[in-house]
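**Q** One structure follows; several queries about it will come next.
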Amino acid sequence: MMRILVTLLLALLHSTLVPSVQALACGGCVDLDEINFQRTVERFPYALVKFDIAFPYGEKHEAFGAFSKAAHKATTDLLVATVGIKDYGELENKALGDRFKVDDKNFPEIFLFKGSIDDFIRVPSHMDITLDNLKAFVSSNTDLYIGRDGCIKDFDDGLKNYANIPDAEQTALIEIFEERLEKMKNPEQQKSAKFYLVYMRKIRELGYDFLEEETKRLLRLKAGKVSEAKKDELLRKLNILEAFRVNKLTKDAPEKQEL
């Protein structure tokens, strides 16, 4: 009888905390349990899974949610999922946590699975759980690219030192990227590719000064009163602009034509 009362009290305590915690949802994350874990994880080439308390919250959970959002825009080959472990009542998913030797005193614990539940890497306990660190961890342990929001890997790779190459080479590169855009099927990548091309043409026409002025303009807009959707768009543009930065500018600015 006493055990039942304790269980009910614990459940009541958690229910009072849920309203403030549920607001911290993990967008795009798949909830896994002991029944669907293996079948779901092994459907994907890679899976990043966070083992945590049943109702997670805080900066680490927010960082994982931000990573999930970025991953969904970048690839369909990575499952981003969570396993909520309860230490009361029916002890849901505790056996699953035990299977992977999850330490409930060290939550959250994050695992990267590579197509099999037997092939995994654990995120090092000393690594801070941040958006950038999760991106770096996945990128260094897989062939996936999850860069800054809105960025495209082969575009970024092709644009190294773009601001310094001759005009003719810039024009040729624009034509190559236009062909890549025509072959794209992902709407998000299409949108980003168009931003890249706009900036490529502007830098060819106006020189490197455009990058600095446009960055300042976008930052001013982002700091103003704009919707969340507009802020996301401005952030994507700022991220894409970073691909055009050079350590040292060696090309002269184009001469301004007098009217």
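Where a number appears in this text, it was derived from the coordinates with a stated rule and is not lab data. Since this is a predicted model, take the numbers as computed values, not measurements. Every residue, glycine as well, gets a Cβ built from its backbone with ideal geometry; the counts of neighbours run over all protein chains shown.
**Q** Pop a pseudo-label 7 angstrom from the Cα along the beta-carbon direction at both T215 and K183 and give the gap in nm to one decimal.
**A** Taking the simple label geometry, T215 and K183 are separated by 3.1 nm.
**Q** Could I ask something else about it? Note the full-extension length gain between A172 and D77 as 0.36 nm times their separation in residues minus their Cα-Cα distance, in nm to one decimal.
**A** Contour length minus Cα-Cα distance gives 31.0 nm.
**Q** Go through the stretch 154-208 and name the trypsin sites (Lys or Arg not before Pro) that are in a DSSP coil and have 15 or fewer other Cβ atoms within 10 Å of their Cβ.
**A** K160, K185
**Q** Arranged from highest to lowest average of other beta-carbon atoms within 10 Å per residue, in what order do the peptides 77-89, 99-111 appear?
**A** Going by the mean number of other Cβ atoms within 10 Å, highest first, we get 77-89, 99-111.
**Q** Something else now. Given the DSSP H assignment, sum -39500 (n - 2.57) over each helix run of at least 4 residues in the chain and divide by its residue total; what's the result at 222 nm in deg cm²/dmol, nearest 500?
**A** -16000 deg cm²/dmol
**Q** While we're here: Add +1 for every Lys or Arg and -1 for every Asp or Glu among the other residues with Cβ under 12 Å from the Cβ of V226, and state the total.
**A** +2
**Q** Distance in nm between label sites at V198 and M127, each 7 Å beyond Cα in the beta-carbon direction?
**A** With each label placed 7 Å out from Cα toward Cβ, I get 3.5 nm.
**Q** Right, here's the next one. Can you tell which of V246, V41, V123 shows the greatest fluctuation in a Gaussian network model of the chain with Cα springs below 10 Å?
**A** In this elastic network of the chain, the residue with the biggest mean-square fluctuation among V246, V41, V123 is V246.
**Q** For the chain, what does the relative contact order come out to in percent, with C-alpha contacts under 8 Å and a separation of six or more? List each step's numbers first, then the result.
**A** Details: 314 pairs, mean separation 44.7, N = 259.
Value for the chain: 17 percent.
**Q** Among E90, E175, E242, which one shows the biggest mean-square fluctuation in a GNM of the chain, springs joining Cα atoms closer than 10 Å?
**A** Its mean-square fluctuation being the largest, the pick is E90.
**Q** Here's something else I'd like to know. Considering only the other residues whose Cβ falls under 12 Å of the Cβ of E92, what net charge follows from Lys and Arg at +1 and Asp and Glu at -1?
**A** Numbers: positive: K86, K94; negative: D31, D33, E34, D87, E90.
After counting each charged neighbour, the total is -3.
**Q** Across bins of 5 angstrom width beginning at 0, how are the C-alpha pair distances of the chain distributed, in whole percent?
**A** 1, 5, 11, 13, 14, 13, 11, 9, 8, 6, 4, 3, 2, 1, 1, 0, 0, 0, 0
**Q** Check the straight Cα-Cα distances from K73 and name the lysines below 18 Å, setting aside those fewer than 8 residues away within the same chain.
**A** Excluding near neighbours in sequence, the set is K135, K153, K183, K185, K191, K194, K230, K231, K237.
**Q** Follow-up. With springs only between Cα atoms under 10 Å, which of L238, L197, L206 fluctuates most in a Gaussian network model of the chain?
**A** Ranking L238, L197, L206 by mean-square fluctuation puts L206 first.
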